[in-house]
Amino acid sequence: MALLEVKDLHTSFFTDAGEVKAVNGVSFTLDRNQVLGIVGESGSGKSVTAYSIMQILAKTGRIVSGSIKYDNIELVGAPESMMETIRGNRISIIFQDPMTSLNPTYTIGHQLMEAILLHTDRNREQARERAIEMLKLVNVNEPEKRINQYPYEFSGGMRQRVMIAMALACEPDILIADEPTTALDVTIQAGILELMKDIQKKTGMAIIMITHDLGVVAQLCDEVMVMYAGTVCERGSADAVFYNPAHEYTKGLLRSIPTAEMAGSQLQPITGTPIDLLNMPAGCPFAPRCDAAMKICIRQAPHIKTLGAEHIASCWMNER
């Protein structure tokens with residue numbers, strides 16, 4: 001049985017301008033010990049999918065239909081009291097910007113201990129010991145001293161390590177990492193990824209890695225899900241998606257990665273701009289930007305086609 005099962009998830013934001021269909025029929029499963037990468041441009045629905053799982057959508061957002069099951073427990077429509085026992089305890093999330101996620105008026109120790117005291121039966125002294133232990137786990141130097149410091153006294157990379165420590169403090173089954181290395185330089189990024197790989201091996205938790213960096217996905221993920229305009233374009237094992245991409249959008253993303261062989265030549269960007277989610281087309285949402293688009297792509301949305309044991313895609317180019 002899958003640890004997490006998302007079926008035909010539809011999440012919308014209801015604004016004065018109309019309904020924004022941010023997630024439009026997303027389905028996937030996540031097993032224990034698995035690392036799933038969700039990739040796509042900004043606005044493709046990656047973070048909204050994560051927030052739907054955590055049930056932390058903005059006031060204008062709502063899950064319109066679909067199912068999210070954690071360990072066979074239905075989360076859609078679950079009471080807030082149930083979600084409070086699952087959030088942070090069984091499913092944790094690392095947000096994009098560690099500076100805005102940490103409260104500047106409280107010490108690092110206070111914020112780490114708050115999560116531990118809320119979700120476990122430890123007393124304050126035990127919570128402090130656990131907080132120090134977690135800082136050691138994520139390689140924060142002098143944790144006994146730094147636990148009394150404030151977020152502004154930490155570098156960007158160290159703040160991100162604190163966010164990982166906070167997310168892992170209650171030993172969750174699932175960790176959702178929402179672009180955890182976006183604002184970090186390359187060397188710190190490599191260290192954070194290595195740390196996450198290490199912790200995943202030690203604890204056996206499942207990870208959902210949300211990113212637009214395909215290099216991160218190649219390093220860390222077992223399975224890849226490519227999203228565009230709130231829909232799943234392609235999903236499969238990392239090898240299948242990287243070596244045999246079956247959707248024109250995936251091919252475009254892979255072409256836009258700089259490589260050593262490209263020295264002196266230009267990148268091949270995906271032309272055009274992302275689609276307006278207020279006015280979704282009848283056909284494939286990527287068709288207006290696709291060099292290989294056909295008439296049917298404009299008229300009718302493609303079906304999801306199974307291409308192998310671990311590979312599906314929704315693109316008319318796969319139909320005979």
Exercise. Going by the structure shown, is residue 66 buried (at least 16 other Cβ atoms within 10 Å of the Cβ), more than 27 Å from residue 135 (Cβ to Cβ) and modelled with pLDDT under 90?
Worked result: no
For this session: Any chance you could count how many residues in region 64-95 are touching a strand residue (DSSP E or B) at 6+ places or on another chain (Cβ under 8 Å), within 22 Å of residue 111 (Cβ to Cβ) and among the hydroxyl-bearing types (Ser, Thr, Tyr)?
Result: 1
Exercise. Can you tell me which residues in region 14-39 are surrounded by 18 or more Cβ atoms within 10 Å (Cβ to Cβ), more than 14 Å from residue 223 (Cα to Cα) and not charged (D, E, K, R)?
Worked result: 20, 22, 23, 24, 26
Seminar exercise, completed: Of those in region 43-60 that are in contact with a Ser or Thr (Cβ under 9 Å, 6 or more places away or on another chain) and not aliphatic (A, V, I, L, M), the residue farthest from residue 231 (Cα to Cα) is 60
Problem set entry | Test set (1) among the hydroxyl-bearing types (Ser, Thr, Tyr); (2) touching an Asp or Glu at 6+ places or on another chain (Cβ under 7 Å); (3) at pLDDT below 85; (4) crowded, with 20+ Cβ neighbours inside 10 Å - residue 181 fails condition number | (2)
Seminar exercise, completed: With criteria (1) out of contact with any Lys or Arg (no Cβ under 8 Å at 6 or more places or on another chain); (2) in a strand (DSSP E or B); (3) surrounded by 15 or more Cβ atoms within 10 Å (Cβ to Cβ); (4) of a type outside the set (Val, Ile, Thr), residue 167 comes up short on (2)
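Restricting attention to region 152-163, which residues are modelled with pLDDT of 85 or more and either among the small types (Gly, Ala, Ser) or not in a loop (DSSP other than H, G, I, E, B) (or both)?
152, 153, 155, 158, 159, 161, 162, 163
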Exercise. Among strands (runs of 3 or more DSSP E) lying entirely in region 1-91, which contain 3 or more residues that are touching a helix residue (DSSP H, G or I) at 6+ places or on another chain (Cβ under 6 Å) and of a type outside the set (Lys, Arg)?
Worked result: 18-30, 35-39
Exercise. Taking region 130-146 only, how many residues are assigned to a helix (DSSP H, G or I) and either modelled with pLDDT under 90 or out of contact with any Ser or Thr (no Cβ under 9 Å at 6 or more places or on another chain) (or both)?
Worked result: 11
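If you check 90, 62, which single one turns out to be farther than 30 Å from residue 271 by Cβ and touching an Asp or Glu at 6+ places or on another chain (Cβ under 6 Å)?
90
Taking the condition of being under 15 Å from the mean Cα position of the chain (by Cα), under 14 Å from residue 34 (Cα atoms) and not in a helix (DSSP H, G or I), how many residues in region 177-204 meet it?
Final tally of qualifying residues: 1.
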Seminar exercise, completed: Every listed condition ((1) more than 30 Å from residue 285 (Cβ to Cβ); (2) under 21 Å from the mean Cα position of the chain (by Cα)) holds for residue 95 save (1)
For this session: List every residue pair whose Cβ atoms sit under 9 Å apart, with the two residues 6 or more apart in sequence or on different chains, where the first one lies in region 73-102 and is surrounded by fewer than 15 Cβ atoms within 10 Å (Cβ to Cβ) and of a type in the set (Asp, Glu) and the second, anywhere, is at pLDDT 90 or above and not in a loop (DSSP other than H, G, I, E, B).
Result: 74/67; 74/68
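The values are calculated or read from the model by the stated rules, or taken from the named source; none is laboratory data. All figures in this text were calculated on a predicted structure; none of them were measured in a lab. Quick reminder, even Gly has a Cβ in these numbers, built from the backbone with ideal geometry, and neighbours come from all protein chains shown.
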